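Have a look at the structure below, then the notes.
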Amino acid sequence: MTDPNILADVRALIIDMDGVLWAGDQPMPGLAEFFQTLRRRSMRFVLATNNALKTPDQYVSKLASMGVSVARDEIIGSGLAAALYLKQHARPGARVFPIGGDGVRQALIDNGFQLVGLYEKNADYVVCGMDHELSWDKIATATLNIREGAHFIGTNPDTSLPTEHGLTHGNGAILAALQTATGVAPFIIGKPEPIMYRIAMERLKANAEETVAVGDRLDTDILGAVRTGIRSILVLTGASRREHLAQMDYEPTWVMQDIREITALLA
């Protein structure tokens, strides 16, 4: 039986979305009650997703359609994390060729970067996130710029993406194609690298001892928590299963069936 007090010292949560809160456009059971409990407990949280397709505002709208109200600054996608990282490390107004949805493009524009168009070969950076409108021309432009010396940034390395149809390809598949074409490995911003978790903790004003990450992927969410030095909960509603634990040389702090189990412990 799970100790009902195991989360008693938790003050902040960094919560993944795909596979944790929903699968595609289908909310997970207990979604509204989960957020009601977080609010009632005054639990600080950031929704931190490797998915770079949407902007924070679009995720706010998606959650609202599922009956959940969150603020814009309670959401960080890997596209925003990439833009914030580059803002700290790139020269102002650097040129970027983006692959990805609004979550990549808008974050780069909002943070002062110039976007490079198709077949322009003057980018300082190529930033690649999941793109539902991926084309030959986009892959070709990214390849040309990386070969010309542009820094290759991957928003996240997820090889698969949970949807209402099942597991489909993730951004890692696009990164692999570009790495094969150029011989250059991407610099990863999202999980399992600790960059996005650290950005989330800064926003939460939380330290490692009081923070817990919630995710469905051992190879990104949980490994990212291990590399950041925070505890973690693996939920079994997305990509990873309990039997996968035997294949890993690291593990989550806790394994739970879904967000309803977390809700019960917090309540």
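Each value in this text was obtained by applying a stated rule to the coordinates, not by laboratory testing. The structure displayed is predicted, hence computed values, not measured ones. Cβ placement follows ideal geometry from the backbone for every residue including glycine, while neighbour counts extend to all protein chains displayed.
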request  = Report, ordered by chain and residue number, the lysines lying within cross-link reach of Lys191, taken as a straight Cα distance under 25 Å and ignoring same-chain residues fewer than 8 apart.
outcome  = Lys54, Lys62, Lys87, Lys138, Lys205
ask   = Let a ≥ b ≥ c be the square roots of the eigenvalues of the Cα gyration tensor of the chain; is it rounded (a/c under 1.5), or, if not, prolate (a/b larger than b/c) or oblate?
value = prolate
request  = Check each of the trypsin sites (Lys or Arg not before Pro) in the stretch 111-186 and keep only those in coil by DSSP with at most 14 other C-beta atoms within 10 angstrom; list them in order.
outcome  = Lys121
task = Calculate, in nm to one decimal, what Ala173 and Ser61 gain on full extension: separation in residues at 0.36 nm each, minus their alpha carbon distance.
result = 37.5 nm
request  = Can you check what the net charge comes to around Val46, using other residues whose Cβ is under 9 Å from the Cβ of Val46 (Lys, Arg +1; Asp, Glu -1)?
outcome  = 0
query = Antiparallel DSSP bridges in the chain: what percent, to the nearest 5?
reply = 15
query = Between the stretch 86-124 and the stretch 1-71, what's the alpha-carbon centroid distance in Å?
reply = 29
note = For Trp136 and Ile6, extending 7 Å from Cα along the Cα-Cβ vector and measuring point to point gives, in nm, a value of 5.2
query = Beyond 17 Å, what share of the Cα-Cα pairs of the stretch 79-188 remains, rounded to the nearest whole percent?
reply = 48
inquiry  = Taking R0 as 45 Å, what FRET efficiency do you get between Glu251 and Val184 from their Cβ-Cβ distance, rounded to the nearest 0.05?
reply    = 0.90
Two-site label geometry, Arg39 and Asp102: point separation in nm, points 7 Å out along Cα→Cβ = 2.3
key: For the stretch 92-99, Karplus couplings with θ = phi - 60° (6.51, -1.76, 1.60), whole Hz, Gly/Pro x   = x, x, 4, 8, 10, 9, x, 10
